[in-house]
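> Below is a structure I'd like to ask you about.
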Amino acid sequence: MSEAEQTLSIIKPDAVERNLTEKIKDIFTQNNLKIKDSKKIHITKDEAAEFYKVHQAKPFYNELCSYLSSGPIVAMILEGKDAVILNRKIMGATDPKNAEDNTIRKLFGISIDKNSVHGSDSAENAKKEIDFFFKN
Ligand code: CMP
């Protein structure tokens, strides 16, 4: 039996603002992802730039960092079998227009920027991203 894995999830400002936090948390738990830790925070633009630095060469980087720091977010450690890939499946495609039915981004996403949630894209990045928010 494979061991439980952890991944990082962020509920982005657009979803926190629309009071979707509990609904989104319920979707994770109903899909076999346990919420091991959770915190609501408002990060600075510099912190967002550090978090998203893998995207620093992208044309949307500045806007992305402004957006993630524009209001409170909820960072969570999710745990379960194949948590990284399972979370990505539950979130749906980056652009809500392309997301499958019943995924979080299809249900709640507004645009490619305001796509309601972020999830780590690999186990290696999950470790880094969990440390970013949860290591003291
Ligand atoms: P996220 O999973 O948080 O990772 C990086 C984010 O960049 C992504 O979700 C989108 O919200 C945002 N983004 C904005 N424009 C683009 C784009 N053209 N391609 C991919 N991601 C984009």
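> Using the Karplus equation 6.51 cos²θ - 1.76 cosθ + 1.60 (θ = phi - 60°), what ³J(HN,Hα) coupling, rounded to whole Hz, does each residue of the range 58-63 give in order, writing x for Gly and Pro?
Values per residue, Gly and Pro as x: 7, x, 8, 4, 4, 5 Hz.
> How about Lys135: which lysines have a C-alpha closer than 16 Å to its C-alpha, ignoring those fewer than 8 places off in the same chain?
Reachable lysines: Lys36, Lys39, Lys40, Lys127.
> Given only helices, namely DSSP H runs of n ≥ 4 each adding -39500 (n - 2.57), what is the per-residue ellipticity at 222 nm of the chain, to the nearest 500 deg cm²/dmol?
Numbers: 7 runs with 56 residues, N = 136.
Roughly -11000 deg cm²/dmol at 222 nm, from the helical runs in the chain.
> What per residue convex hull volume, in Å³, do the alpha-carbon atoms of the range 35-111 yield?
Details: hull volume 9.0 nm³, N = 77.
Spread over its residues, the Cα hull of the range 35-111 gives 117 Å³ apiece.
> Largest first and in whole Å, give the semi-axes of the chain's equivalent ellipsoid, each being the square root of 5 times a Cα gyration tensor eigenvalue.
Semi-axis lengths for the chain are 21, 18, 14 Å.
We did not get these values from a lab; they are worked out from the coordinates using the rules stated. Since this is a predicted model, take the numbers as computed values, not measurements.
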